[in-house]
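Step one of this worksheet: look at the structure below.
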Amino acid sequence: MSKTVLELTDVTFRRDGIPIIDGISLTVRTGEHWALLGPNGAGKSTLLGFCGALTHPTSGTVRILGEQLGRVELQKLRRSIGHVNPRHPLRSPLTAQQVVLTGLTGTVDIPMRWTPHPGEIDAATDALEAVGMAAKAERTWPALSQGERGRTLIARALITTPRLLLLDEPTTGLDVAAREQLLHTIDTLDRTLPDLASILVTHHLEELPTSTSHALLIAEGRSVAAGGADRTITTATISATFDHPVRVDRQGGRWSARSPLTQPVA
């Protein structure tokens, strides 16, 4: 039976008196894979900050893994949340394995005077294996392609065996081939980690993996639609969300969007 992993209840967030998030509610259960869709400036990053226990709402309630923000030690809670950010600010020539190990310490670099024990090294190896990067464990970060970095960051997020995985525009900067490889990696998690819940942020339907089960669409800080992906990612809701007529299609489990032709092509 699925359990509630994340619950936002009527959350709002104001900055300098201006509402950034305005009364959004969301419930994510085990095994569900949510897409958070909306145009630039819609409030997606702010909302993801609530989900990752990084930001507190101005009002409303956030419960993550049964704990309410404001009444729980945040560092402990964050260890049960995996966060994948393609803008990972690493500048040191760490190996892929070392990057994954920093998921245990919650740091960008390997901390001074910290040495992983054999069990932690095994966990890093397993995480790299899960995303198809085991053969490149000793390759340094500068030598990895953007797609390989993306898969390494997913492994970094998985090493703590999180119950909630947050993916913040994970295909940013990737070419088509690298994007497809990364989306395939995300899709495999639905089979290898069936209880894992996830939220993937994007504003491109083409960047949604086939495992997407639910979606929350937001515009100007408000919810436009929420629920099962089949009934929320539609021509009508996407057009309303992005304030532009868009035709939504789905083929082979993948979505696409394009403006309808208003005039015949010569």
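Annotations
- Looking at the chain, the DSSP beta bridges with both ends there are about 60 percent antiparallel.
- Couplings 3J(HN,Hα) for segment 140-146, derived from phi with the Karplus relation 6.51 cos²θ - 1.76 cosθ + 1.60 (θ = phi - 60°), are 6, 3, x, 8, 7, 6, 4 Hz, where x marks Gly and Pro.
- Site pair Thr4 and Glu120 shows an inter-label distance of 3.5 nm when each label is modelled 7 Å from Cα along Cα→Cβ.
- Stretchable slack from Thr161 to Ser213, in nm (0.36 nm times residue separation minus alpha-carbon distance): 16.6 nm
- You can think of it this way: the chain between Thr30 and Leu54 has 6.5 nm of extra reach, that is 0.36 nm per residue less the Cα-Cα gap.
- Computed over the chain, the ratio Rg/Rh where both radii use C-alpha atoms and Rh is Kirkwood: 0.98
- Arg113-Gln146 FRET efficiency (beta carbon distance; Förster radius 30 Å; 0.05 resolution): 0.40
- Dividing the Cα radius of gyration of segment 131-266 by its Kirkwood radius returns 1.02 for Rg/Rh.
- With at most 14 neighbouring Cβ atoms within 10 Å, loop GluC sites (Glu not before Pro) (DSSP) excluded, longest segment of the chain: 139-266
- Placing dummy labels 7 Å off each Cα toward the beta-carbon, the span from Ser256 to Thr188 is 2.6 nm.
- Each part reduced to its alpha carbon centroid, segment 195-266 and segment 93-149 end up 34 Å apart.
- Integer Hz, Karplus 6.51/-1.76/1.60 couplings in order for segment 58-75, x for Gly and Pro: 5, 8, x, 10, 10, 10, 10, 6, x, 10, 9, 4, x, 10, 8, 6, 5, 4
- Per-residue [θ]222 nm for the chain (sum of -39500 (n - 2.57) over DSSP H runs n ≥ 4, rounded to 500): -8500 deg cm²/dmol
- Among the trypsin sites (Lys or Arg not before Pro) found in segment 54-100, those both in a DSSP coil and sparsely packed, with 15 or fewer other Cβ atoms within 10 Å of their Cβ, are Arg71, Arg79, Arg87, Arg91.
- Over all pairs of different C-alpha atoms in segment 1-128, the reciprocal of the mean inverse distance, the Kirkwood hydrodynamic radius, equals 16.8 Å.
- Close amide H contacts of Glu32 (hydrogens built in the peptide plane, cut-off under 5 Å, sequence separation of 5 or more or a different chain): Ser198.
Values in this text are rule-based calculations from the coordinates and carry no lab data. As the structure is a computational prediction, the values presented were derived from the model and not from experiment. Positions of Cβ are generated from backbone atoms using ideal geometry, with glycine treated the same way; all protein chains shown enter the neighbour counts.
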